[in-house]
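Okay, so here's the structure we're looking at.
Every read-out reported here was derived from the displayed coordinates using simple, explicitly stated rules and does not represent laboratory data. It should be emphasised that the depicted structure is a prediction, and the values quoted were computed from it without experimental measurement. Note that we place each Cβ from the backbone using ideal geometry, even for glycine, and neighbour counts take in every protein chain shown.
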Amino acid sequence: MIDLKLLEHLENIITPERKARFDTVLPERTKYFTVATEDVYQLHNTSAVIRSCDVFGIQEVNIVEEKNSKRIDREIAMGAQKWVDLNRYNHVKDCIADLKRKGYQIVATTPHENDCELHDFDVSKPSCFFFGRETEGLSQAVLDEADSFLKIPMVGFTESLNISVSAAIILQHVTTKLKRTNIEWRLTEEEQLEKRMDWIKSTIKSYDEIVEHFYSNQKSE
């Protein structure tokens, strides 16, 4: 449970502009959809996907690093890693099992004989959109476990898009479609409070000292 008195105290420390930004962004956040990247080799691609998730209100990103383990490119992500929750996995099967345990269907973003075009995608189920490696695409492990296959219609000579571009197109479409439904897609009140506290922690440099001082004053009163 979030200490509401502490939260109020911390919100008095951050700037009114930052607090107003939290008020605007939080109601648009969702865990109804999430994204997973599998062994993406180019660092800037993973970072750009994180940035797209932040832009379109996706709160959680799942990063599978069986072969490629690299730090997030802060310049490309533009600070988005502070506002989006990153779940990291060493094995794709662990990631898939965790996602299914949370109630997500696995959506493989790759051409497939049983695939669905983006404009026909059914948003009625919580979904995780999997994006694969730049050259090989998604592994067979993901394809075997996928509940559905999704593709972006293309009419040019090029057969595929960059992973970060694909993620941005898909997320913009599915989040827009989701918000036109009656589905309860927003974070719960408790989740919003927790996220507000996390974001304040990312904003205030001397967070730990301020919290310690706050509770010391509480005890002395």
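Looking at Pro111, Leu178, Val155, which one has the Cα that reaches farthest to the positive end of the dipole of the chain (charges on Cβ: Lys, Arg +1; Asp, Glu -1)?
Value: Leu178.
Farthest toward the dipole's positive end in the chain, which of Phe33, His9, Ile50, given Cβ charges of +1 (Lys, Arg) and -1 (Asp, Glu) about the Cα centre?
His9
Within 12 Å, Cβ to Cβ, of Leu150, how many net charges do the neighbouring residues add up to if Lys/Arg are +1 and Asp/Glu are -1? Mind dumping the intermediate values first?
Numbers: positive: Lys151; negative: Asp115, Glu117, Asp120, Asp122, Asp147.
Once all neighbours under 12 Å are counted, the net charge is -4.
Based solely on its DSSP helices, what 222 nm [θ] is calculated for the chain when runs of n ≥ 4 H residues each add -39,500 (n - 2.57) and the sum is averaged over all residues, nearest 500 deg cm²/dmol?
Counting only the DSSP helices, I get -13000 deg cm²/dmol.
If packing is taken as the mean number of other Cβ atoms within 10 Å per residue, what is the order of 93-105, 3-15, highest first?
Working: 93-105: 16.2, 3-15: 13.4.
Sorting 93-105, 3-15 by mean packing, highest first, produces 93-105, 3-15.
Give me the extension gain from Glu136 to His213: residue separation times 0.36 nm, minus the current Cα-Cα distance, reported in nm with one decimal.
Gain on stretching Glu136 to His213: 22.5 nm.
Please work out how much length the chain gains when fully extended from Gln192 to Ile2, using 0.36 nm per residue of separation minus the C-alpha to C-alpha distance, in nm with one decimal.
Stretched fully, the Gln192-Ile2 segment lengthens by 67.4 nm.
Could you give the DSSP H helices of the chain that reach 15 angstrom or more along their long axis (alpha carbon positions) and whose average Kyte-Doolittle hydropathy is no lower than -0.5?
On the way: long enough: 43-55 (19 Å, 0.31); 163-178 (22 Å, 1.22); 189-203 (21 Å, -1.70); 207-220 (20 Å, -1.24).
Counting only whole DSSP H runs, the qualifying helices are 43-55, 163-178.
If each residue of separation counts as 0.36 nm, what is the full-extension length gain between Lys205 and Glu66 once their alpha-carbon separation is subtracted?
46.7 nm
Could you calculate the FRET efficiency of Asp147 with His91 from 1/(1 + (r/R0)^6), where r is the beta carbon distance between them and R0 is 22 Å, rounded to 0.05?
After rounding to 0.05, the efficiency reads 0.70.
What Kirkwood hydrodynamic radius do you get for the chain when you take the inverse of the mean 1/r over all pairs of distinct Cα atoms, in Å?
18.8 Å
Sorted by average packing, counted as other Cβ atoms within 10 angstrom per residue and highest first, what order do 198-205, 45-52, 155-162 take?
Peptide ranking by packing, descending: 45-52, 198-205, 155-162.
Would you tally the net charge around Cys128, using a Cβ to Cβ cut-off of less than 13 Å, leaving Cys128 out, and scoring K and R as +1, D and E as -1?
On the way: positive: Lys31, Lys100, Arg101, Lys102, Lys125; negative: Glu38, Glu60, Asp98, Glu145, Asp147.
Local net charge: 0.
Between Asp98 and Arg180, what FRET efficiency comes out of the Förster formula 1/(1 + (r/R0)^6) with R0 = 25 Å and r the beta carbon distance, rounded to 0.05?
0.30
No solvent, one uniform scatterer per C-alpha: report log10 I(q)/I(0) for segment 1-55 via the Debye equation at q = 0.12, 0.14, 0.31 1/Å, two decimals.
Ignoring solvent entirely, the Cα scatterers give -0.49, -0.62, -1.19.
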